[in-house]
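Scroll down for the structure; my scribbles are underneath it.
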Amino acid sequence: MPAPLTIGEFARTTQLSVRTLRRYHDAGLLEPAHVDPVTGYRSYALEQVPTAQVIHQLRRLDLPLADVARVLRTTDHDERAALVAGHLRRLEQELDRTRAAVASLRRLLDPAPEDVEVELRSEPAEVVAAVRAVVDLDDLLGWYAGAMAELDHAVPAPTGPPGGLFEDALLTAGRGEALVHLPVLDPPTTGRVAPTPLPAVDTARTTHRGDHDTIEVTYARLGVWVAEHALAVAGPVRETYVVGPRDTDDSAAWRTVIGWPVFRVDPGPG
């Protein structure tokens, strides 16, 4: 039977620091094979090397210690895979948020930001096929994907691009009403899809080009333009997805029209 390894030898073998091994011991993740009752010296068995490496890899993925313990305790392969997969999804979501923040910051720090092109337009009243709900901001993308899939099934031949209306409360309070719609001559009623009237409204419109990582910068520039040229009125901002991921994988080709409800106070462009 191989002789046990001292904590220093085990540290060299696993490429983990002695301090880390002590922390894993204190957290109950990796108990030494033996602790001398007099000196307190820790020693480890060679069979513990794979466990130490698994813990190390899970911690490199920033899996919380409590979840690492759950992974180690369970003997159910599916449960273990679900724990790790759930954490990986959270990491991917965080990476997406980080990329979006970096892209927005780069655009904000552009020493020569482009002028926003705005037109004033009177949007006529219409009745569309729509799905609406009160949602949390963190759940908006998932809700949008499900709502659009239901609309696509209910409206196989829309007469124009999809759109959305979003209450200010979604951003200001983190929860509010969202509505996505497709124009169609005879809006159906099926599942969550229902005919929904959109009232006539004057809007200040601009087009956001590219993916949505920096769309809040376009929103900000449109908001500044509105403050300088028109009077903003209560009502949800309107988005029209002229070209989007439904149309092409090339995000540089995406075009999202943002319509800010206004009351005209000067002729303005357009």
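No lab work stands behind these numbers, since they all come straight from the coordinates. This is a predicted model, so every value here is computed, not measured. A quick note on method: Cβ atoms are made from the backbone with ideal geometry, for glycine too, and the neighbour counts reach across all protein chains shown.
Applying 1/(1 + (r/R0)^6) with r as the Cβ-Cβ distance of GLU79 and HIS25 and R0 = 35 angstrom yields a FRET efficiency of 0.90. Computed from backbone phi with θ = phi - 60° and the Karplus coefficients 6.51, -1.76 and 1.60, the 3J(HN,Hα) list for segment 204-212 is 9, 10, 9, 10, 8, 9, x, 5, 8 Hz; x is used for glycine and proline. In order along segment 180-185, phi translates into HN-Hα couplings of 10, 8, 10, x, 7, 5 Hz, rounded to whole numbers, per the Karplus curve 6.51 cos²θ - 1.76 cosθ + 1.60 with θ = phi - 60° and x for Gly and Pro.
Test of understanding: extend the Cα→C-beta vector of SER17 to 7 Å, then name every residue of segment 64-84 with backbone N under 18 Å from that spot. In segment 64-84, the label zone of SER17 (backbone N under 18 Å from the point 7 Å along Cα→Cβ) covers 65.
Hydrodynamic analysis of segment 111-270 uses the Kirkwood radius over alpha carbon pairs. Inserted into Stokes-Einstein at 20 °C and 1.002 mPa s, it gives a translational diffusion coefficient of 130 µm²/s.
Farthest towards the positive end of the charge dipole of the chain, among the residues THR39, VAL84, THR172, is the Cα of THR39, using unit charges on the Cβ of Lys, Arg, Asp and Glu. Each Lys and Arg Cβ is given +1 and each Asp and Glu Cβ -1; about its Cα centre, the chain then shows a dipole of about 980 debye. For the chain, the fraction of C-alpha pairs farther apart than 26 angstrom is 59 percent.
Full extension of the chain segment joining ALA234 with ASP36 gains 64.0 nm, where the gain is 0.36 nm per residue of separation less the Cα-Cα distance. Three principal axis extents describe the C-alpha atoms of segment 5-73; from largest down they are 34, 21, 20 Å. For segment 118-133, backbone nitrogen atoms closer than 16 Å to the point 7 Å from THR207 Cα along Cα-to-C-beta are found at 118-121. Relative contact order of the chain: 17 percent, from C-alpha pairs under 8 Å at least 6 residues apart in sequence.
Against the compact-protein benchmark of 2.2 N^0.38 Å, the Cα-based radius of gyration of segment 131-197 scales to 1.11. Working note: 222 nm ellipticity from helices only, DSSP H runs with n ≥ 4, each -39,500 (n - 2.57), summed and divided by the residues of the chain, gives -12000 deg cm²/dmol to the nearest 500.
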